[in-house]
Amino acid sequence: MENPPLEKKDRLLSALDRGMVMVHLDARAPGVLVPAHLRAEHHLRLNLSYRFDPPDLSVGDWGVRSTLSFAGSRFTVAIPWSALFGITSYVTNEFWVYPDSLPPELLQDATEKVPAEEVPGAVPAAPARPQLREVTGEPEAQPDGRPEAEDKPRSPPSRGHLRVIK
């Protein structure tokens, strides 16, 4: 095996030492053991923590094993490193992704949603030029050609939706 499993293992252990972690995996990958209703998921997200009951989380050279609760029923999951493609730390809000392990559906979605400017080798579109117009001191005409009424009452400024709570 190459270095990515070691890097994934070190990142996961480091994040778990700080608190709860979400792992992103392809449940269809060989060796993954999850409940039957989740086996077809190409992007399954599972929360892991040393504090879960029972405290049987193990992170080894093969991957991750833990008993988790799914709709009130316990199930022991097994996740090989080859199936894990992302790690999110709830504590630090950090996210690590391993592109070599991404499922094809996510790669396809990513290339469709990324602007052409950010795709390597793509020619960026020319930036839109701002439209300038002359501004005079006279009121602008409305679409029907009448000048806008100057004596129109203005509404008072509305209060913001945020409050300071002490």
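The values are calculated or read from the model by the stated rules, or taken from the named source; none is laboratory data. Bear in mind the structure is a predicted one, so any value in this text is a computation, not a measurement. We place every Cβ from the backbone using ideal geometry, glycine too, and count neighbours over all the protein chains shown.
Can you find a residue in the stretch 28-43 that is under 10 Å from I79 (Cβ atoms), small (G, A, S) and modelled with pLDDT of 95 or more? Yes; the residues of the stretch 28-43 include at least one that is under 10 Å from I79 (Cβ atoms), small (G, A, S) and modelled with pLDDT of 95 or more.
Cβ-Cβ distances below 8 Å connect the following pairs, each with a first residue in the stretch 85-113 that is among the charged types (D, E, K, R), a second residue that is surrounded by 12 or more Cβ atoms within 10 Å (Cβ to Cβ) and modelled with pLDDT of 90 or more, and a separation of six or more residues or different chains: E94/A15; E94/T88; E105/H42; E105/H43. Look at (1) assigned to a strand (DSSP E or B); (2) more than 13 Å from S101 (Cβ to Cβ); (3) touching a residue at least 60 places away in the same chain (Cβ under 8 Å); (4) of a type outside the set (S, T, N, Q) and you find that A15 fails only one, number (1). Listed conditions (1) on the phi > 0 side of the Ramachandran plot; (2) free of Cβ contacts under 8 Å to residues at least 24 places away in the same chain are all met by R39, apart from (1).
The residues of the stretch 42-59 that are free of Cβ contacts under 8 Å to residues at least 24 places away in the same chain and not in a strand (DSSP E or B), listed by number, are F52, D53, P54, P55, D56. Criterion applied to S58, S66 was being exposed (fewer than 15 other Cβ atoms within 10 Å of the Cβ) and small (G, A, S), and the one residue passing it is S58.
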